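Derivation of every value follows stated rules applied to the coordinates shown; laboratory data play no part. None of these values were measured; they are calculated from a predicted model. Counting neighbours? That spans all protein chains shown, and the Cβs are built from the backbone with ideal geometry, glycine included.
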Amino acid sequence: MGNFKLPRLLLAGLIFFIIVMILSPDMTGALNGYFMVIIERSLIFVILAISLNLINGITGQFSLGHMGFAAVGAYVSGTFTSIWFKLNPHTLSHYPVFMICIVIGGLGAAVVGFLIGFPSLRLKGDYLAIVTLGFGEIIRTILNNIDYVGGPRGLLGIPMFSKFPIIMLFAFLTVVILRNLVQSSHGRAMLSIRENELASELCGVDTVRYKVMGFVIGAFFAGIAGGLLAHLLTLAHPTQYGFLPSALVLIMVYAGGMGSLTGSVLAAFTLTFLTEGLRVGIDALPEFTIASQTYKIGTEWTMVIYAILLILIMLFKTEGIMGMRESRILIIEEKK
Amino acid sequence: MNIFSFQQLVNGLQLGSIYALIALGYTMVYGIVRLINFAHGDFYMLGAYAAYATFFLFNAYLAHMSTGYGLTFIVLLVAMLAGAAIAMLSNTFAYKPLRYKPKLSSLVTAIGVSMFLEYFFSAFPPIGPSMRGFPEILPRHMYQFGGAEISNYVMIDLLVAAVLMTGLTLLVQKSPLGKAMRAVSQDKDASKLMGIDVEKIISLTFFIGGSFAGAAGLLAGLTYPRINPYMGILPGLKAFISAVLGGIGNIPGAMLGAYIMGLAETIANAYNSLLGEGIAFVILIIVLLVRPTGLLGEKIADKI
């Protein structure tokens, strides 16, 4: 047993988890609750970004409504935990039920993903972009009109189950599963579709099957992330899942690098922190007066900055910061 | 009110005219550079804002212009020029450098341009994110015709769309420029060898598409007098679906698809407002399942 080694990814995850736990308000309190929420949000965006990377980066499709699937996951799991089961986050035995509810939310998102992915992925071309963009708008309209889940008020009173260890567990499992998928023969089939769909079809890859598979798996994890987010914020609201957050996830994928899971993880953390930083920074700017009219620089400028960032990345570093490279941590180790 | 009345037909055609003007830009750009220009709906928004600004500038500095058909015409020209200018600018700065890179990158850039236009205008203090009422540039008159109430706005919408679409059809079918455009859409490299300045033709396509979107923006502002920086998202999406319905890349197809879309949406809206919101996507899914090439589109074989 002398040369037993933990797998690198598990080791990295454990180190991150232990450091954050030590710094958390429950122990030393070096990080206050505000920072904990940002870290938790970052982890949720890690799930969203790498699952979108599976669709957009690895399989080479173009989905624009990733948050639509998160909405399905959030509303399904939120309905289960708050309306049907009335779970209580102070009861420890309710946590396994909660995790099952989150997975059910993910499955719901996967079913919806199949329903809209199948007609559009059967075809070559950019139809998926338009279908998913439309889906993002439609899901919001539908949620606004279902009174059972709160309509335009949103689904309120979702129990606060998304504690840091839970989110960490889901994020870690997502990274592991997607890493194993991407570095398997299925993953290589998906990559070949991105590189050249026609050629991979001629080599015997069932392109439609793999495109739909990538899309449905991506939707499943988006649903998981949506469920976690709803149980972190204790509400699910139709406006949380519009085009804007979808675009934010998209920027993470392209900034990090199409096809690089490492890039997506890094970009999810960087951009979540940057968003908060910009929000605080812009809020602190003083008001100014031009021609007796007072103007305040609004936080909308954050999105202007992101839009410019996205265009600049595409123009000057099309492949993203990481390109196709993976960190050594995310490469499956050879068995000796 | 009867769902299938003459009034509904008129309303549907009016909405269809606006969609048609936007859809033409989508389909022309797609036909030539194979790019879904997500920012196209925002060119339409920009046209509406340019019209709005022109009206107030005129009223502030040239009070005698007040309202009327003359002013409407001037405002229409400004809206078209604004749409065309922003379309050409985004082509030059965002799409042209990526022309020979993977297609996905120009698609992402288009999203970036769209986000930039929307958020820049909602963050820019003189415009702001809130809804604004569009001024009544033209006094509204109602006419009774065949049991329906038809305003002069309807006539303007239909007339402007008809004139522009006729002009475009003549340009594309009869003029040497149109011939060049058709050539570029078939084969860029061969057109280059024939001495066609491909970049100039692409630029011209963006110019025409943008000006049509600008015109649609003014018409929409007049007809449904509320504008905001995000007004272009949904009409842009529906216009794109119209283009897919007619056969993407096909100019008469886009017009046909847009009028079908306008009628379908008006009828569905009279039935149930949720259905009215969603009918466009129902149509899209049906088209993708049943006839992905669209009504007038032809199947293009993959070149190996």
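Please list 3J(HN,Hα) in residue order for the range B:135-146, calculated via the Karplus relation 6.51 cos²θ - 1.76 cosθ + 1.60 where θ = phi - 60°; whole Hz, with x for glycine and proline.
Couplings: x, 7, 5, 10, x, 8, 10, 10, 10, 8, 8, x Hz.
Given points 7 Å out from each Cα along the Cα-Cβ axis, report the B:THR166 to A:THR91 separation in nanometres with one decimal.
Output for this residue pair reads 7.5 nm.
Just want the answer: with Cβ charges of +1 for Lys and Arg and -1 for Asp and Glu, which residue in B:ALA60, B:THR223, B:TYR49 is farthest toward the dipole's positive end in the range B:15-290?
B:TYR49
What list of ³J(HN,Hα) values in whole Hz, one per residue of the range B:206-211 in order, does the Karplus curve 6.51 cos²θ - 1.76 cosθ + 1.60 (θ = phi - 60°) give from phi, with Gly and Pro shown as x?
So the J values, rounded to whole Hz, are 4, 4, 5, x, x, 5.
Taking the Cα centre of chain B as origin and charging only Cβ (+1 Lys, Arg; -1 Asp, Glu), how large is the dipole, in debye to the nearest 20?
Values: 18 positive and 13 negative charges, 152 e Å.
Result for chain B is approximately 720 debye, rounded to the nearest 20.
Taking a 22 Å limit on the Cα-Cα distance, which of the listed pairs A:LYS124/B:LYS200; B:LYS101/B:LYS174; A:LYS124/A:LYS211; B:LYS188/B:LYS238; B:LYS101/B:LYS200; B:LYS101/B:LYS238 fall beyond it? Could the numbers behind the result be given before it?
Numbers: A:LYS124/B:LYS200 29 Å; B:LYS101/B:LYS174 33 Å; A:LYS124/A:LYS211 10 Å; B:LYS188/B:LYS238 29 Å; B:LYS101/B:LYS200 19 Å; B:LYS101/B:LYS238 28 Å.
Violating the 22 Å limit, Cα to Cα: A:LYS124/B:LYS200; B:LYS101/B:LYS174; B:LYS188/B:LYS238; B:LYS101/B:LYS238.
GNM, chain A, Cα, under 10 Å: largest mean-square fluctuation among A:ASN144, A:ASN53, A:ASN32?
Greatest mean-square fluctuation among the candidates belongs to A:ASN32.
Name the residue farthest towards the positive end of the dipole of chain B from the options B:SER114, B:VAL29, B:LEU13, assuming +1 on Cβ of Lys and Arg, -1 on Cβ of Asp and Glu, about the Cα centre.
B:VAL29
Report relative contact order for the range A:225-336 in percent, whole number only (criteria: Cα-Cα under 8 Å, sequence separation at least 6). If you can, show how the numbers build up before the last one.
Numbers: 88 pairs, mean separation 37.0, N = 112.
Normalised by residue count, the contact order of the range A:225-336 is 33 percent.
Sketch the reach of a paramagnetic label on A:ARG8 as a point 7 Å from Cα along Cα-to-Cβ, and name the residues of the range A:231-263 whose backbone nitrogen lies under 19 Å away.
Once the point is set 7 Å along Cα→Cβ of A:ARG8, A:257, A:259-263 turn out to lie under 19 Å by backbone N, inside the range A:231-263.
Which FRET efficiency, nearest 0.05, do A:ALA30 and A:LEU309 yield, Cβ-Cβ r, R0 30 Å?
Details: r = 31 Å, r/R0 = 1.02.
Once rounded, the FRET efficiency stands at 0.45.
Please give me, ordered by residue number, the trypsin sites (Lys or Arg not before Pro) of the range B:131-215 that lie in loop per DSSP and have at most 14 other Cβ atoms within 10 Å.
Values: sites: B:ARG132, B:ARG140, B:LYS174, B:LYS179, B:ARG182, B:LYS188, B:LYS192, B:LYS200; in loops: B:ARG140.
Passing sites in the range B:131-215 are B:ARG140.
Suppose every K and R has +1 on its Cβ and every D and E has -1 on its Cβ; what is the size of the dipole of the range A:132-216 about the Cα centre, in Debye to the nearest 20?
Working: 8 positive and 6 negative charges, 65 e Å.
With only Lys, Arg, Asp and Glu charged at Cβ, the dipole is about 320 debye.
What net charge is computed for the residues neighbouring A:TRP301, neighbours being all others with C-beta under 15 Å from the C-beta of A:TRP301, Lys and Arg scored +1, Asp and Glu -1?
Values: positive: A:ARG279, A:LYS296; negative: A:GLU276, A:ASP283, A:GLU287, A:GLU300, B:GLU118.
Result for the local shell: -3.
So, in Å, what gap is there between the alpha-carbon centers of the range A:47-110 and the range B:8-74?
41 Å
With springs only between Cα atoms under 10 Å apart, run a GNM on chain B and tell me which of B:GLY31, B:GLY133, B:GLY12 wobbles the most.
Comparing B:GLY31, B:GLY133, B:GLY12 in a Gaussian network model of chain B, the most mobile one is B:GLY133.
Might you report the magnitude of the Cβ-based charge dipole of the protein assembly as shown about its Cα centre, with Lys and Arg at +1 and Asp and Glu at -1, to the nearest 20 debye?
Details: 39 positive and 30 negative charges, 234 e Å.
Roughly 1120 debye, rounded to the nearest 20.
What number, in nm² with one decimal, is the all-direction average of the projected area of the convex hull of the alpha-carbon atoms of the protein assembly as shown?
Numbers: hull surface 134.4 nm².
It is 33.6 nm².
Whole-Hz ³J(HN,Hα) for each residue in the range B:162-170, computed from phi via Karplus 6.51 cos²θ - 1.76 cosθ + 1.60 with θ = phi - 60°, x for glycine and proline: what do you get?
With the stated coefficients, the range B:162-170 comes to 5, 4, 5, 5, 5, x, 5, 4, 4 Hz.
Could you please report the charge total around A:LEU315, scoring K, R as +1 and D, E as -1 over all other residues with beta-carbon less than 14 angstrom from its beta-carbon?
Working: positive: A:LYS317, B:LYS96, B:ARG99, B:LYS101; negative: A:GLU319.
The answer is +3.
Helix-derived [θ] at 222 nm for the protein assembly as shown: sum -39500 (n - 2.57) over DSSP H runs of at least 4, divide by residue count, nearest 500? Let's see the in-between values first.
Numbers: 23 runs with 425 residues, N = 640.
Computed mean residue ellipticity for the protein assembly as shown: -22500 deg cm²/dmol.
Along the charge dipole of chain A, Cβ charges K/R +1 and D/E -1, which of A:GLY134, A:MET258, A:LEU10 sits furthest on the positive end?
A:LEU10
To make sure I understand, if each residue's beta carbon is the centre and we count other beta carbons within 10 Å, what order do A:PHE170, A:PHE16, B:PHE43 fall in, fewest to most? Working shown, then result.
Values: A:PHE170 24, A:PHE16 15, B:PHE43 32.
Fewest-to-most ranking of A:PHE170, A:PHE16, B:PHE43: A:PHE16, A:PHE170, B:PHE43.
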